[in-house]
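Let me begin by presenting the structure, written as structure tokens, before commenting on it.
The values are calculated or read from the model by the stated rules, or taken from the named source; none is laboratory data. Values in this document were obtained by computation on a predicted structure and should not be read as measured data. FYI the Cβ positions are ideal-geometry reconstructions off the backbone, even for glycines, and counts take in every protein chain you see.
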Amino acid sequence: MANVTEKQYDAQSIQVLKGLEAVRKRPGMYIGSTSENGLHHLVYEVVDNSIDEALAGFCDAIGVTVHKDNSITVTDNGRGIPVDLHPTEKLPGVELALTVLHAGGKFDKSTYKVSGGLHGVGVSVVNALSERLEVVVDRGGKRHHMAFVRGRTTKPLSVLGPAKATGTTVRFKPDPEIFTVLEYNYSTLADRLRQLAFLNAGVRITLTDERVDPARVEAFLYKGGLVEFVSWLNRNKKPLHPKPVAFRAVKDDVEVDCALQYEDGYNENTFTFVNNINTHEGGTHLTGFKAALTRTINEAAKASNALKKADFTLSGEDAREGLTCVLHVKVREPQFEGQTKTKLGNSEVEGIVRQVVNERLGNFLEEQPAVTRAIVEKAVSAARAREAARKARELVRKKSGLESGVLPGKLADCSLSDPALCEIYIVEGDSAGGSAKQGRDRSFQAILPIKGKILNVERARIDKILGNDEIRAIITAIGAGVRDDFKLEDARYHKIILMTDADVDGAHIRTLLLTFFFRQMQELIEAGYIYIAQPPLFRVAKGKEEYYAYSEPERDEYAKRLGNGDGKGQVHVQRYKGLGEMNPDQLWRTTMDPATRTVLRVTMEDAVEASALFEKLMGDEVEPRREFIEQNARYVSNLDV
Ligand code: 0RA
């Protein structure tokens, strides 16, 4: 008998080792990357398990602690991971959960789990990618303990003593053999944990950072859920009605939870989630929501006679001007599609969300005439502005029209026509633009110089935006339209590279350009088409030998190297204050030649976070803007192209 068990155990452990090996060999397959994103993903993975326990109704407090050594503790007051022996696997449940890929409730569809997309790979992945991991389970009146090293059990299940309550605590230290970045970013963690607290009303999530003295502690608990989420998103805005509209309904096994509020600005901020996962790329739930919103607002406008005089209907964009909305649906078997697997594909969800929103939002508006009037007036004025913009466009169409296909005069286009091969440099200032035009490879590189500060699109309506010459030049050069009319497949370049001076003004212009792309051509960011050029900050030369430095330490290193050389001649350090100080050949070699340059790809990790950051720019205060410019680096991930 003992023999049989041993054999089974061996077979089991071979499977386990194979699984762990697969994860350690190709970590990117499981957690996306081994840099900053992947490192943070480990925390989300463990927290998601606690959230699942909260969704099942057994947990209302979750704690996350970043320790001094950047190890992480996640603790919850749920039922505790089962510790009894699995009947066929002959291992404790907790050991299976931590050592077997996809173990634990994967086929249990009785609750909506946080799974799918990049999430839901299981805590065993975290274990496999941790230098060490310890788990403490309080369950059945006892405190249990296990420890692992790189996914392998080093301390089998033992009982430490009695336990009064129940819960699970996991502490792990990401493996430096796997990760290229080991330091946790406080605000990245805080942003996601706050989001989870909004999405799971009543669950208290506490974040503690022990790397600072005294430790920083923040607790997120929102009894109001999505209503509080929308109020928080609008915290620096002027709402058109005091309370967000909110409704929740379950239909055909799909749970629809929504809150929305209009504010007096011109942008739309709609965030959608499926089973707690941010669906950046939208999908069927968003499509259903938009259709119902447009219909409902049009009905309300007709009922209030607001559209009698105007002989046009309200477009979807009109109905969403100034809208802040969070839509969270729970689906049992979500299908995620799209480039980043954050687009909901389930076709049945579209009709369900459409019906729920039609009915519930329709009812609300019928009962609230004052709110309805404010929303309808806003949409009608958006429609008028859209009409005015259309007429203005028609007037200028012959000269520089947006749709005529006439390219802007300032654009030096490239000769190739395959967008996949082509790139456009949007360059600050005519003088740098001139150097770029001379220095470029004209076969695939186009140059568009723009004047200093472009319009702040965060604060302007579409008609004013389209009236701005610099912006029209950018739109026509890219050739893919804006907002709802934007068509990614029409983009004339697959690399749009922003090249501004390495000073505060340059950073400001880059920020304005990013705001513009974020608001008007978000798909370009999502597709990864937007880049930031990295011109050198210094030239270090001695005689004929020269180096370009992109940071101060790099400058010092080159200066030292040249200084230690033959001992003859003077080391000359030049600081570039602007792109204009480089001649065309230097600009090509340092910043534009694909063989040697570095460009940073702009990413849209989290639209909620991005939007909050862009908002900081709106105010006239200097401090938030300075902060933004510093934080701007968080949008970009290093990429050599
Ligand atoms: C499987 C089954 C049960 C709970 C859990 C897993 C569980 C996992 C984690 C991970 C972190 N915290 C957790 N809390 C619970 C339920 C077993 C039962 O019926 O009591």
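The table that follows gives values for the structure above.
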read-out	value
Verdict on Arg519 being closer than 23 Å to Pro449 by Cα and touching a Pro at 6+ places or on another chain (Cβ under 9 Å)	no
Enumeration of residues in region 452-467 that are within 12 Å of Gln520 (Cβ to Cβ) and small (Gly, Ala, Ser)	Ala460
Single residue of region 199-224 satisfying the filter (within 17 Å of Asp52 (Cα to Cα) and aliphatic (A, V, I, L, M)) that is surrounded by the most Cβ atoms within 10 Å (Cβ to Cβ)	Ile205
Any hit, region 110-121, residues being out of contact with any Lys or Arg (no Cβ under 7 Å at 6 or more places or on another chain), farther than 25 Å from Ile31 by Cα, within 13 Å of the ligand (Cβ to nearest atom) and at pLDDT 95 or above	no
Filter pass, Leu193 being modelled with pLDDT of 95 or more and assigned to a strand (DSSP E or B)	no
Residue in region 26-80 that is farthest from the ligand (Cβ to nearest atom), counting only those that are of a type in the set (Gly, Ala, Ser) and assigned to a helix (DSSP H, G or I)	Gly28
Flag for Ile51 being buried (at least 24 other Cβ atoms within 10 Å of the Cβ), more than 21 Å from the chain's Cα centre (by Cα) and either among the aliphatic types (A, V, I, L, M) or modelled with pLDDT under 95 (or both)	no
Region 139-188, subset within 15 Å of the ligand (Cβ to nearest atom) and aromatic (Phe, Trp, Tyr), residue farthest from Glu21 (Cα to Cα)	Phe172
Some residue of region 555-567 being crowded, with 17+ Cβ neighbours inside 10 Å and under 28 Å from Ala446 (Cβ atoms)	no
Identity of the residue in region 11-42, β-branched (Val, Ile, Thr) and under 22 Å from Leu96 (Cβ atoms), that ends up surrounded by the fewest Cβ atoms within 10 Å (Cβ to Cβ)	Ile14
Positions within region 148-188 being surrounded by fewer than 16 Cβ atoms within 10 Å (Cβ to Cβ) and within 16 Å of Val123 (Cα to Cα), in sequence order	Val149, Arg152
Region 314-334, subset over 22 Å from Asn269 (Cα atoms) and in contact with a helix residue (DSSP H, G or I) (Cβ under 9 Å, 6 or more places away or on another chain), residue surrounded by the most Cβ atoms within 10 Å (Cβ to Cβ)	Pro334
Boolean, Glu281 is in contact with a Ser or Thr (Cβ under 8 Å, 6 or more places away or on another chain) and of a type in the set (D, E, K, R)	yes
Residue count, region 383-407 (criterion: closer than 18 Å to Gly481 by Cβ and at pLDDT 90 or above)	0
Criterion violated by Arg459 - all others in (1) within 20 Å of Met604 (Cα to Cα); (2) within 23 Å of the chain's Cα centre (by Cα) satisfied	(1)
Extreme residue, surrounded by the most Cβ atoms within 10 Å (Cβ to Cβ), among residues of region 455-501 that are assigned to a loop (DSSP other than H, G, I, E, B) and aliphatic (A, V, I, L, M)	Ala491
Qualifying residue in region 202-224 (condition: in contact with a Gly (Cβ under 6 Å, 6 or more places away or on another chain), over 18 Å from Val123 (Cα atoms) and within 16 Å of the ligand (Cβ to nearest atom))	yes
Selection count where residues are in contact with a Leu (Cβ under 9 Å, 6 or more places away or on another chain) and not in a helix (DSSP H, G or I), scope region 421-448	13
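Per-residue answers, yes or no, for (1) touching a strand residue (DSSP E or B) at 6+ places or on another chain (Cβ under 9 Å); (2) in contact (Cβ under 8 Å) with a residue 24 or more places away in the chain; (3) surrounded by fewer than 18 Cβ atoms within 10 Å (Cβ to Cβ); (4) in a strand (DSSP E or B):
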| site | (1), (2), (3), (4) |
| --- | --- |
| Asn236 | no, yes, yes, no |
| Lys243 | yes, no, yes, no |
| Arg248 | yes, no, yes, yes |
| Val256 | yes, yes, no, yes |
| Ala259 | yes, yes, no, yes |
| Tyr262 | yes, yes, no, yes |
| Asn267 | yes, yes, no, no |
| Thr272 | yes, yes, no, yes |
| Glu281 | yes, yes, no, no |
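Conditions tested, residue by residue: (1) of a type in the set (Val, Ile, Thr); (2) farther than 22 Å from Ala22 by Cα; (3) in contact with a Cys (Cβ under 7 Å, 6 or more places away or on another chain).
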position	(1), (2), (3)
Ser50	no, yes, yes
Cys59	no, yes, no
Ile62	yes, yes, no
His67	no, yes, no
Thr73	yes, yes, no
Ile81	yes, yes, no
Pro87	no, yes, no
Gly93	no, no, no
Leu96	no, no, no
